[in-house]
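Encoded as structure tokens, the structure appears first; notes follow it.
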Amino acid sequence: MTESGITTNVIDKGRGMADMLINMGPQHPATHGVFRMELALDSEMIVDVTPHIGYLHRGSEKLFENEIYSQIITLFDRLDYISNFNNELGLVMAVEKLMDLEVPDRAEYIRVILCELNRIASHLVFIGTFALDMGALTPSLYNFRDREKILALFEATSGARMMHNFFRVGGIKQDVIADFPARVTTLLGELEAGIDEADKMLSLGEVFVERTRGIGVIDGDVALDWGLSGATLRASGVPYDVRIEEPYSVYDRFDFGVPVGSAGDCWDRYYLRVLEARESIKIIRQALQQMEPGPVQAKVRAIARPPKGEVYVHAENPRGDFGVYLVSEGAESPYRLKVRPPSFCNLMALRDLLIGHYIADSVVILGSLDIVLGEVDR
Amino acid sequence: MTTGSDEGSTKRPPPITASRGRHAPDADQAPSRLTPKGEALSVLLPDVLTKYEVEIGADIDEVVCHAPASHIDAIAGILKSDERTSFKYLRLLCVVDYEEQEAAFDVVYHLYSLEHQHKMVLKGRVPASDPKLPTVTTVWRGADWYEREMHDLFGVEFLGHPDLRTLILPDGFEGYPGRKSYPLHDYDEF
């Protein structure tokens, strides 16, 4: 046994060469929330991992069944609490599809702009915290500064920095402020500079590349088998992006690229998010150009009442394929509302990814999956 | 749970079920509108699954296949490995509780094929008194945590799952809180 400073137990759980069990989390800064994993080690090599989730389980899916749709929007804000607008979009699209509702164009464009800004904000947090996991403090400070500018715009638009409750079935709560396009344009310039700065500071840094290249490699077929999605899947060379695969909202009207990796390691997963943030900026610029004045809310009853039926709708969240399965019995509340949380699926593959790596890499690999526990546990 | 009267009240309505609704929905049943790919798939599916008694339907834009729950692993295996369907991506696995109406649970699998870009819903029905069906972790590894979660919340047992311990509930938690029969507003002190 080495003196590691962490409480360790000598165990024999029949795990081959394992001679030490280290408990990491749930209160650990590098687990990005309340996530716990038991690491079985052979000196510094990980031979087995047991992930534990559920510390943030609020029974959201049971709650959904007892609330009306406009109340559920507020609960969706709290699933993936770093990309609130994207969550809301998933829900309202499901209800709209069931009701066969036509959403005004202006509302769709505003939704897309807000969702893409949210994607950039989320990726900025990822880049910052991922660097922090490896001991680089500066990028996180810079990126949180830039993210705050996005959140300030969200606040001006919806009234809240994070829990917006802004999307409605059939549109959005209210039209955006008058100087919204001008503010977004200025913001995009600043974000572009911010992303470039983080990219220059981090991406090709020698220590950073050494710690991420070839670490936590997952093959494309295996990744698909695990149900991974988002940048985590695309890093393994599978070009699957819901915005392209099954275009929703008005995404078919924009010209943008989906970066795809090849190595399937931590560096690819990181760099794809840098590239994706730049693609989001392109989308927002086009949306601003195409957007025209008009109504932002379709004519619907205040309390939505979709007909009997089932629908599965999904959207590309910053973390991956966010799905909503809605079963309606024709009431004001859903009969069943199940969320497909991308982080939940991405986290499932963690055990495979960690085994055979050193304990110092566990933080890097977990960080590269970009999980949000609010969504994993629901 | 309380079932207070909501007539003429502007306060927050009580939990609503289909039978207690105040207005009828705009339409009773959402119309089916399959895409050409969906139409082609619903024609193809009986050919792929000749050995099993399956019922192919449609719900809005999804092809829905009701299959016998006891053979769900074999059917899932065929759907994944057959080149005409090639459903390699399990998008979602969940349980829908129809205990009150039909004394059964539906286990629902949402599948997608990246090669053919088509999607379908596979459904198996298990009796609520004895909810057991084979695991599909042998087909898609990604079913692992979904099945553990559904085992936690609904008490559905997935036979052959390698590790069906509790996932999201505290150890030793009693009852199945996902079920409709589990009260929402009754609390137990921990």
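Would you point out which residue out of A:GLY227, A:GLY309, A:GLY220 is in contact (Cβ under 8 Å) with a residue 60 or more places away in the chain, within 13 Å of chain B (Cβ to nearest Cβ), touching a helix residue (DSSP H, G or I) at 6+ places or on another chain (Cβ under 9 Å) and closer than 27 Å to A:LEU354 by Cβ? Write out each step before concluding.
Working: A:GLY309 fails: closer than 27 Å to A:LEU354 by Cβ; A:GLY220 fails: in contact (Cβ under 8 Å) with a residue 60 or more places away in the chain.
Being in contact (Cβ under 8 Å) with a residue 60 or more places away in the chain, within 13 Å of chain B (Cβ to nearest Cβ), touching a helix residue (DSSP H, G or I) at 6+ places or on another chain (Cβ under 9 Å) and closer than 27 Å to A:LEU354 by Cβ holds for just one of A:GLY227, A:GLY309, A:GLY220, which is A:GLY227.
If you take the residues of region B:89-105 that are within 24 Å of B:LYS51 (Cβ to Cβ) and buried (at least 19 other Cβ atoms within 10 Å of the Cβ), which of them is farthest from the other protein chains (Cβ to nearest Cβ)? It would help to see each step written out before you state the result.
Of the residues in region B:89-105, the ones within 24 Å of B:LYS51 (Cβ to Cβ) are B:89-90, B:93, B:104.
If we keep only those that are buried (at least 19 other Cβ atoms within 10 Å of the Cβ) as well, we get B:89-90, B:93.
Working: B:TYR89: 6, B:LEU90: 5, B:LEU93: 9 Å.
This residue is B:LEU93.
Got at least one residue in region A:112-121 being under 29 Å from B:ALA58 (Cβ atoms) and either touching a residue at least 12 places away in the same chain (Cβ under 8 Å) or within 14 Å of chain B (Cβ to nearest Cβ) (or both)?
No; the residues of region A:112-121 include none that is under 29 Å from B:ALA58 (Cβ atoms) and either touching a residue at least 12 places away in the same chain (Cβ under 8 Å) or within 14 Å of chain B (Cβ to nearest Cβ) (or both).
Taking region A:7-44 on its own, how many of its residues are part of a loop (DSSP other than H, G, I, E, B) and either modelled with pLDDT of 75 or more or charged (D, E, K, R) (or both)? Please lay out each step first, then the result.
Initial filter on region A:7-44 (part of a loop (DSSP other than H, G, I, E, B)): A:7, A:10-19, A:25-26, A:28, A:32-33, A:35, A:43-44.
Those left that are additionally either modelled with pLDDT of 75 or more or charged (D, E, K, R) (or both): A:12-13, A:15, A:19, A:25-26, A:28, A:32-33, A:35, A:43-44.
Residues in region A:7-44 being part of a loop (DSSP other than H, G, I, E, B) and either modelled with pLDDT of 75 or more or charged (D, E, K, R) (or both): 12 in total.
Hey, among A:VAL250, A:VAL258, which residue is aliphatic (A, V, I, L, M), away from chain B (no Cβ under 13 Å) and under 30 Å from A:LEU137 (Cα atoms)? Full working, then the answer.
Working: A:VAL250 fails: under 30 Å from A:LEU137 (Cα atoms).
Selected residue: A:VAL258, the only one of A:VAL250, A:VAL258 that is aliphatic (A, V, I, L, M), away from chain B (no Cβ under 13 Å) and under 30 Å from A:LEU137 (Cα atoms).
Before we move on, is A:VAL324 in contact with a Lys or Arg (Cβ under 9 Å, 6 or more places away or on another chain), within 11 Å of chain B (Cβ to nearest Cβ) and crowded, with 21+ Cβ neighbours inside 10 Å?
yes
Is it true that A:ARG319 is of a type in the set (Lys, Arg) and either out of contact with any helix residue (DSSP H, G or I) (no Cβ under 9 Å at 6 or more places or on another chain) or within 28 Å of A:VAL217 (Cβ to Cβ) (or both)? Working first, answer last.
On the way: of a type in the set (Lys, Arg): yes; either out of contact with any helix residue (DSSP H, G or I) (no Cβ under 9 Å at 6 or more places or on another chain) or within 28 Å of A:VAL217 (Cβ to Cβ) (or both): yes.
In short, yes.
Between a residue in region A:49-77 that is in a helix (DSSP H, G or I) and any residue that is acidic (Asp, Glu) and crowded, with 21+ Cβ neighbours inside 10 Å, which pairs come within a Cβ distance under 6 Å, given they are 6 or more apart or on different chains?
Filtered contacts from region A:49-77: A:ILE73/A:GLU88; A:PHE76/A:GLU88.
Which of the residues that make up region A:83-103 are within 14 Å of chain B (Cβ to nearest Cβ) and in a loop (DSSP other than H, G, I, E, B)?
Just the residues of region A:83-103 that are within 14 Å of chain B (Cβ to nearest Cβ), to begin with: A:90, A:93-102.
Of everything in region A:83-103, those that are within 14 Å of chain B (Cβ to nearest Cβ) and in a loop (DSSP other than H, G, I, E, B) turn out to be A:ASP100, A:LEU101, A:GLU102.
Could you grab me the full set of residues in region A:195-220 that are in a helix (DSSP H, G or I) and small (Gly, Ala, Ser)?
A:ALA198, A:GLY220
Please go through region A:230-247 and pick out each residue that is touching a strand residue (DSSP E or B) at 6+ places or on another chain (Cβ under 6 Å), within 12 Å of another protein chain (Cβ to nearest Cβ) and assigned to a helix (DSSP H, G or I). It would help to see each step written out before you state the result.
Restricting attention to region A:230-247, the residues satisfying the condition of being touching a strand residue (DSSP E or B) at 6+ places or on another chain (Cβ under 6 Å) are A:230, A:241-243.
Filter once more, so that each one left must be within 12 Å of another protein chain (Cβ to nearest Cβ): A:241-242.
Within region A:230-247, A:VAL242 is the sole residue that qualifies.
Look at A:ALA287 and say whether it is assigned to a helix (DSSP H, G or I) and within 14 Å of chain B (Cβ to nearest Cβ).
no
The values are calculated or read from the model by the stated rules, or taken from the named source; none is laboratory data. No experiment lies behind these values; they were computed from the predicted model shown. Neighbour counts run over all protein chains shown; Cβ positions are idealised from the backbone, glycine included.
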